[in-house]
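Asks: One structure coming up, written as structure tokens, with questions to follow.
The values are calculated or read from the model by the stated rules, or taken from the named source; none is laboratory data. Just so it is clear, the structure is predicted and the values come from calculations on it, not from any experiment. All Cβ positions, even for glycine, are placed from backbone atoms using ideal geometry, and neighbour counts span all protein chains on display.
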Amino acid sequence: MGRILYIIWNLFLVLAPIILWLLPVDAINNSKVDLCPSVIIFNTECPGCGITRAVINFHHFEFAEAIYYNMAVVIVYPFLAYCWLLFLKELLFEFNSPLAEKIPVKTFREFNWLKKLAKRS
């Protein structure tokens, strides 16, 4: 059962950017639903408000609108893309696949940038 959940989770993570790209931006931008807990509970916007809409607009190459929703998108989106690429690298080279044997690249676990970052703190 754990292996099946692992496969489903990995498929979701691989397909998430593709699914976001297929979603219409207008449906997200014109939504009247507030999902931010800060807005719902305290009726005030936090620094992260609008980041979901900003990321989706950035993903659809609508940069001006993305920056309108939240300027932090210029930092957040490249970081998310970098993390997604590292995840793909780990997923591809974690298993004993013919592709992994032909390409001499260290795996994500050997670099393990999160552990190095945690040790510095």
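Asks: Taking Phe61 as meeting all but one of (1) more than 22 Å from Leu15 (Cβ to Cβ); (2) assigned to a loop (DSSP other than H, G, I, E, B); (3) modelled with pLDDT of 80 or more, write down the number of the exception.
Replies: Condition (1) is where Phe61 drops out.
Asks: Another question about this same structure. Would you be able to say whether some residue in the range 69-76 is over 17 Å from the mean Cα position of the chain (by Cα) and β-branched (Val, Ile, Thr)?
Replies: no
One line per residue, one yes/no per condition, for (1) touching a residue at least 12 places away in the same chain (Cβ under 8 Å); (2) in a helix (DSSP H, G or I):
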{"position": "Ile7", "(1), (2)": "no, yes"}
{"position": "Leu13", "(1), (2)": "yes, yes"}
{"position": "Val33", "(1), (2)": "no, no"}
{"position": "Glu45", "(1), (2)": "no, no"}
{"position": "Ala54", "(1), (2)": "yes, yes"}
{"position": "Asn57", "(1), (2)": "yes, yes"}
{"position": "Ile67", "(1), (2)": "yes, yes"}
{"position": "Ile75", "(1), (2)": "no, yes"}
{"position": "Phe79", "(1), (2)": "no, yes"}
